[in-house]
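The values are calculated or read from the model by the stated rules, or taken from the named source; none is laboratory data. Please read these numbers as outputs of a predicted model, since none were measured by experiment. When we count neighbours, we look across all protein chains shown, and the Cβ atoms used for this are built from the backbone with ideal geometry, even at glycine.
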Amino acid sequence: MDFADIPGKTLFTNDVKMINISIGGVLLKTDRRMNIEKTYTLELKNKSKFLTLQCNVVWFTLSESYKDPFKNIIPIYTVGMNFTDVSSEKMKEISDFIKDYFTDYQKFDAMDLYRMSSHRLNMRFYIGTLDSNTAYCYYNYKVINISLGGMFIESEDAMEIEDRYLMEIVLPEYKVISFLGRIVTCTLANIIGKKRYEIGIEFIDMLKQDKRILKEFILFY
């Protein structure tokens, strides 16, 4: 498929625990490494309220670990992120969110939440446990070869074997097919001057109409 130049996207999701938040950024803990300078969509949810934020990773560190029921050691990363949307409207959303879910907020009623220095609030607020915190990020990849049962791709980012991801492929004439992919293999490719991973993926969930489009594409090429 090299000659066809078929691109695709993978949706990564991380379950995260929020440690503290300000108008300018947030501190998180997660069991999956998040890449510096990548843009993530952070979704915070509690009761009936949602807060969606665009963020960039500024720094991360391996801060702790634990053993799962199968005795595997699971790393925990602490991640600092800056919000990329600092419009007045978005800052008000963040301010209202802090007021609703920070238990001791009444102590800071007189504080001007919009008082920022280099787009960072001087005060950070620790916040109670939310119903759900999720970080979303799209990663690009290139299709090397493909069949009705799966595909072989090249990506700058590694993927964990047996993990499952929401994925899409953009075929000629801008036909997009979406599916759930299971990671079967992942190896570091020997490409001079480039860090690339060659990844084998099995299609385990694809709509009938997308299967038909894929079959037509394979027969044509």
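Assorted remarks:
- Selection within the range 206-221 - at pLDDT 90 or above, more than 15 Å from I153 (Cβ to Cβ) and either of a type in the set (A, V, I, L, M, F, W, C) or assigned to a strand (DSSP E or B) (or both): M206, L207, I213, F217
- Long-range neighbours under 9 Å by Cβ, at least six apart or interchain, first residue at positive phi within the range 31-49, second modelled with pLDDT of 80 or more and β-branched (V, I, T): E37/V57; E37/V58
- Of the residues making up the range 139-160, just one is touching a Ser or Thr at 6+ places or on another chain (Cβ under 7 Å) and either over 13 Å from I199 (Cβ atoms) or at pLDDT 90 or above (or both), namely Y141.
- Restricting N35, N46, N56 to residues that are at pLDDT 85 or above and polar (S, T, N, Q) narrows the list to N56.
- Hits in the range 189-209 (condition: in contact (Cβ under 8 Å) with a residue 24 or more places away in the chain, loosely packed, with under 15 Cβ neighbours inside 10 Å and over 13 Å from L148 (Cα atoms)): A189, K195
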